[in-house]
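Asker: Below is a structure I'd like to ask you about.
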Amino acid sequence: MGGVEGGVGLTALLVAAARAIESHRPDSLVRDVYAEHFVRAAPASAGWPVGMEQVPDGDANPLWGRFARYFGLRTRVFDDFLLRSAQAGARQVVLLGAGLDSRAFRLDWPAGCVMFEIDREGVLAFKHEVLGGLSATARTARVPVPTDLRADWVGALADAGFDATVPSVWLAEGLLFYLPNAAERYLIDTVDRLAAAGSALAYEAKLEKDLLAYRDSPTYTATREQIGIDLLTLFSLEPRPDSAGDLAAKGWSTSVHTPFEFTRRYGRGPLPEPNDALAGNRWVFADKPRP
Ligand SMILES: C[S@@+](CC[C@H](N)C(=O)[O-])C[C@H]1O[C@@H](n2cnc3c(N)ncnc32)[C@H](O)[C@@H]1O
């Protein structure tokens, strides 16, 4: 289980716990029946809450309340984006930094779709073991692609059967801020190269110039103190590239949103607060136009 319990793999368990909590809410935006099994299966997270009744201060808890609600909303918004893109014709779905994402198992995909899940080998091995134990059945073709996104990952995706002539939809959810600047540039260039006309990409970015300015925010403090994850030591502190600008320069049409816009649209989710670790978070949607 090494890969999921060390460093950045742990963050996949954090998001899984958030999705488990969200799934148990009566007004949930997402229902992920697999999430709590991942959390329980890894010794590092086995004691974490998977339902709000297990959180002593409930919704007021900065980690399992507001931050978990953020992940719930994010999951739903990107669920809707991926399904919309698949229904519009993208039959290849590429999850970059897939973590413990269970979309292949949860969502209703059009016939003929294939989903490529890229993550580090240890994370995908843990996922395989837990899903195997549950006898879970994917609702679309699914190909795990164990590789490190800091290296040249194009060959691994091609070997997995990705076809650059067929429209695709790509998602980098909770990923880019873990990658060095050069790896993000490579990722954006590569998606542009491999995406046929009619493809789409969504990703999450952080715009802050100095992430450490929010070190003492309730979100980062609670994550450190309650579960021992210091996100700021896992994030790359290098200056970020302007990926939305780079995509626009390559001819993609892009739109950049705060998560708070979606809180209003979906009726639930985080709102801005003082000393807010989410202040710079943006969700970016990009389309590569057909000629
Ligand atoms: C916060 S989790 C998000 C997982 C998933 N996208 C979700 O939202 O549930 C970040 C994921 O990115 C993966 N990741 C981080 N750096 C990576 C790298 N260099 N290569 C491959 N995967 C990486 C981690 O292993 C982890 O599963």
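Asker: Contact list please: Cβ distance under 7 Å, first residue in segment 229-240 and of a type in the set (Asp, Glu), second residue in a loop (DSSP other than H, G, I, E, B), pairs at least six apart or on different chains.
Answerer: GLU238/PRO180
Asker: Somewhere in segment 44-59, is a residue surrounded by 24 or more Cβ atoms within 10 Å (Cβ to Cβ) and closer than 26 Å to ARG282 by Cβ?
Answerer: no
Asker: If the Cβ limit is 6 Å and pairs must be 6+ apart or interchain, which residue in segment 241-259 that is on the phi < 0 side of the Ramachandran plot and in a helix (DSSP H, G or I) pairs with which residue that is surrounded by 15 or more Cβ atoms within 10 Å (Cβ to Cβ) and β-branched (Val, Ile, Thr)?
Answerer: Going by the 6 Å Cβ cut-off, the qualifying pairs are SER243/ILE188; ALA244/THR254; ALA244/VAL284; ASP246/ILE188; LEU247/THR254; ALA248/THR254.
Asker: For segment 91-134, what are the residues that are farther than 19 Å from LEU187 by Cα, among the aliphatic types (A, V, I, L, M) and in contact with a strand residue (DSSP E or B) (Cβ under 7 Å, 6 or more places away or on another chain)? Walk me through how you get there before you give the answer.
Answerer: In the first step, residues of segment 91-134 are kept if they are farther than 19 Å from LEU187 by Cα; the result is 91, 100-114, 122-134.
If we keep only those that are among the aliphatic types (A, V, I, L, M) as well, we get 100, 104, 107, 111, 114, 123-125, 130-131, 134.
Listed by number, the residues that qualify are ALA104, VAL114, LEU124.
Asker: If you take the residues of segment 15-39 that are under 23 Å from LEU175 (Cα atoms) and of a type in the set (Lys, Arg), which of them is surrounded by the fewest Cβ atoms within 10 Å (Cβ to Cβ)?
Answerer: Going through the qualifying residues, I end up with ARG31.
Asker: Further question on the same structure: Just name the residue that is nearest to the ligand (Cβ to nearest atom) out of those in segment 5-43 that are over 15 Å from LEU131 (Cβ atoms) and among the basic types (Lys, Arg).
Answerer: ARG31
Asker: Can you tell me which residue is surrounded by the most Cβ atoms within 10 Å (Cβ to Cβ) among those in segment 151-182 that are touching a helix residue (DSSP H, G or I) at 6+ places or on another chain (Cβ under 9 Å), in contact (Cβ under 8 Å) with a residue 60 or more places away in the chain and assigned to a helix (DSSP H, G or I)?
Answerer: Per the stated criteria, the residue is LEU176.
Asker: Select from segment 137-150 the residues that are within 16 Å of the ligand (Cβ to nearest atom), of a type in the set (A, V, I, L, M, F, W, C) and in a loop (DSSP other than H, G, I, E, B) and list them in ascending order. I'd like the intermediate steps shown before the answer.
Answerer: To start, the set of residues in segment 137-150 that are within 16 Å of the ligand (Cβ to nearest atom) comprises 142-150.
From what's left, of a type in the set (A, V, I, L, M, F, W, C): 143, 145, 149.
The one that is within 16 Å of the ligand (Cβ to nearest atom), of a type in the set (A, V, I, L, M, F, W, C) and in a loop (DSSP other than H, G, I, E, B): LEU149.
Rule-based calculations on the coordinates, nothing more; no lab input. A quick note: this is a predicted structure, and the numbers were derived from the prediction, not measured. Please note: Cβ atoms are built from the backbone with ideal geometry, for glycine as well, and neighbour counts cover all protein chains shown.
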